[in-house]
């Protein structure tokens, strides 16, 4: 049996299997029914490992052990395997989420919070900074920073990023509106998509049109998340942002934004 390395690699990624598991499983799929010894030869897996691998695949729902001697294994149809894996992943995810929810009211989280707040007091404000690589990580940290706002959120962004921010941060904006947080967004609102997106958050944030190019967010005049690259010219994987907790720089940048804000066209 010859299975391309590319296929084996995809199977490992999709189904969270190791190399021996995907080799044994694909070998069994090609035969339908086989013994551990036969699969060892077909898949080029050491015979001493084939039994452990088949036992693991059986637990995960990929194979069924056939009654009788010699012991043989039956391949579960791939479509059924997909449904089983989906069900198992969902169950595991639900269990992990449940444990994390329980953690919120536990002594463990209180101890961690105490450890963090006491430690932060010993850190220089200039040390509270970090580099964020990849748009997913960048937006995750941006959401965290914005979510903790108490007074204001100020954003300058690009056309495409404006659409992404509305889609990703709308639930956060709704909660901030209830807290009385002032949200201002400056972006090039010159397309139908941008105007449609603006209408979705018009009751939560004040949006104004600008032709200025930039990508940053200021929270409470203290924290800044700014992107150092043009999102039109960089792949999301290689996007880079900087997070800085510095009231001096943040308030200075916000003052500059305030002056520019007065000359921007309000969007209705």
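A few remarks follow.
- Residue in segment 83-92 that is touching a residue at least 40 places away in the same chain (Cβ under 8 Å), surrounded by 10 or more Cβ atoms within 10 Å (Cβ to Cβ) and within 15 Å of residue 16 (Cα to Cα) present: yes
- Residue check for residue 218: within 19 Å of residue 167 (Cβ to Cβ) and either touching a strand residue (DSSP E or B) at 6+ places or on another chain (Cβ under 7 Å) or loosely packed, with under 13 Cβ neighbours inside 10 Å (or both): no
- All positions within segment 185-207 that are over 25 Å from the mean Cα position of the chain (by Cα) and farther than 20 Å from residue 172 by Cβ: 188, 189, 190, 191, 192, 195
- The sole residue among 38, 21, 111 that is loosely packed, with under 15 Cβ neighbours inside 10 Å, at negative phi and not in a loop (DSSP other than H, G, I, E, B) is 111.
- Some residue of segment 234-250 being in a loop (DSSP other than H, G, I, E, B), assigned by TED's automatic domain parsing to the domain that holds residue 137, surrounded by 13 or more Cβ atoms within 10 Å (Cβ to Cβ) and free of Cβ contacts under 8 Å to residues at least 24 places away in the same chain: yes
- Residues that are under 21 Å from residue 74 (Cβ atoms) and in a loop (DSSP other than H, G, I, E, B) within segment 1-17 comprise 1, 3, 17, listed in sequence order.
- In segment 13-29, the residues that are modelled with pLDDT of 90 or more and out of contact with any strand residue (DSSP E or B) (no Cβ under 6 Å at 6 or more places or on another chain): 17, 18, 19, 20, 21, 22, 23, 24, 25, 26, 27
The values are calculated or read from the model by the stated rules, or taken from the named source; none is laboratory data. Please read these numbers as outputs of a predicted model, since none were measured by experiment. Neighbour counts are summed over all protein chains in view; Cβ atoms, including those assigned to glycine, are modelled from backbone coordinates with ideal geometry.
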